[in-house]
Amino acid sequence: MKLTSTTTVLRPPEEMYTFWRDLGRLPTFMVHLDEVRETGPGRSHWRASAPFGQTVEWEAATTLDEAGRRIAWRSVGDADVQNAGEVRFVPAPGSRGTEVHVTLSYDVPAGPLGRAVAKYFGEEPHQQLDDDLRRFKQVVETGEVVRSDGAPGGKRAREEFPQHPARPLSDDELAEVRS
Amino acid sequence: MKALCWTGPNSVEVQDVPDPTILNARDAIIRVTSTAICGSDLHLLDGYVPTMQKGDVMGHEPMGEVVEVGPGVDATKLRVGDRVVIPFPIACGACAACRAELYSCCENSNPNAGIAEKMFGHPVAGIFGYSHLTGGFAGGQAEYLRVPFADVGPLVIESDLTDEQVLFLSDILPTGYMGAEMCDIQPGDIVAVWGADRSASLRWTAPGSWGPSGSSPSTIRATASTWPRPRDTPR
């Protein structure tokens, strides 16, 4: 399964390259990622939430690193779901910053796990990546993921539908969102 | 606090709801001193606009006094104690649309933009009290209101004008102004305005008040020197 999405952000390509090079920032806007941490030069450990409250983890290696232009990575070892990703930074026309092109591919296995992965991404898997990049744009242009009373959880907005009513949260609800 | 909540098609109630809190660093909380009711509230009231949920606080034309600001609010733009009119669209001030002063097209202020994009074919900005398609933000027909990106949208009122003299800056006057501006009114034009609501009445009073000869609801005389045309509008 291959997902692609693009967003245009009002920031220079070099700055966006620097942002993505710190892969630990990805979980702030990518809904399924819980943690990405560097484990060595060009190596990282990824932890993602999976269906039914489970988590999957894998090691990844950076396979391409062109300053200001492109970064690519690929899972290594015996990952449950082999996957790869690439992000390209292209100057946008008209002094409009940078087009950020992201491609994610998952080698979906056969059997129950494959079915669970397919179900997790739903009927429109592209939508999830579109939303991820929308939040990425919020983070780099405004500083953080935008929250509302209806979508107080930030990056979990879509999972929350039907949402919390558009009314302020109680203390208990706030504590749950912040935990 | 007390707030006007949508409870189903053609049904609203004043209910007790929690006071708003800071959710993002550039939020402010205002104590609402006045709010208007919009003609478009009727589209929400009767259930025409999808994604309303029971308990949603309505209202997108409020003004009031700033009682709290988040740590990220630019203190040169907004401080506690400021008297402010709140524009109905929520604008981040940082995206390409906001930089072009197209604030109602803000690319960042709607956390549910993906859903709006799916239903409309394009995303829309966040709007206070205007369904979950426009973000699920609580509205201003309430005692207090959380205002995101508070150093961008709110208009600080530094004069001793009354609430009634400035409240229309939130939606009604700019909506009428935009309608008049989009008409690109030229000298000698005769303009008919459909609908006798407040925005429409401001559509004919706005150019008339700056024009040379007054106006009536059925005709407007304007000159190029007194009525700005879109291409003359500074960006």
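Only the coordinates and a few stated rules stand behind these numbers; no lab work does. No experiment lies behind these values; they were computed from the predicted model shown. In this analysis, Cβ positions are derived from the backbone assuming ideal geometry, glycine residues included, and neighbour counts consider all displayed protein chains.
Some values worked out for this structure:
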{"quantity": "Neighbour net charge for B:His60 - beta-carbon separation under 11 angstrom, K R +1, D E -1", "calculated": "-3"}
{"quantity": "When the convex hull of its Cα atoms is projected in every direction, mean area for chain A (nm²)", "calculated": "11.4"}
{"quantity": "Phi to ³J(HN,Hα) by Karplus 6.51 cos²θ - 1.76 cosθ + 1.60 over region B:161-175, Hz, x for Gly, Pro", "calculated": "4, 6, 3, 4, 7, 10, 4, 5, 5, 5, 8, 5, 5, x, 5"}
{"quantity": "Under the Debye formula (equal points on every Cα, no solvent term), log10 I(q)/I(0) of the protein assembly as shown at q = 0.13, 0.14 Å⁻¹", "calculated": "-1.15, -1.27"}
{"quantity": "Cβ-Cβ FRET estimate between B:Val67 and A:Thr6, R0 fixed at 35 Å, reported to 0.05", "calculated": "0.25"}
{"quantity": "From phi via Karplus (6.51, -1.76, 1.60), per-residue ³J(HN,Hα) for region B:2-8 in Hz, x at Gly/Pro", "calculated": "8, 8, 7, 10, 6, 10, x"}
{"quantity": "For B:15-28, mean number of other protein chain Cβ atoms within 10 Å", "calculated": "4"}
{"quantity": "Built amide H within the under 5 Å cut-off of B:Ala91, gap 5+", "calculated": "B:Gly153"}
{"quantity": "For peptides B:27-38, B:154-165, sequence by mean Cβ density within 10 Å, most packed first", "calculated": "B:27-38, B:154-165"}
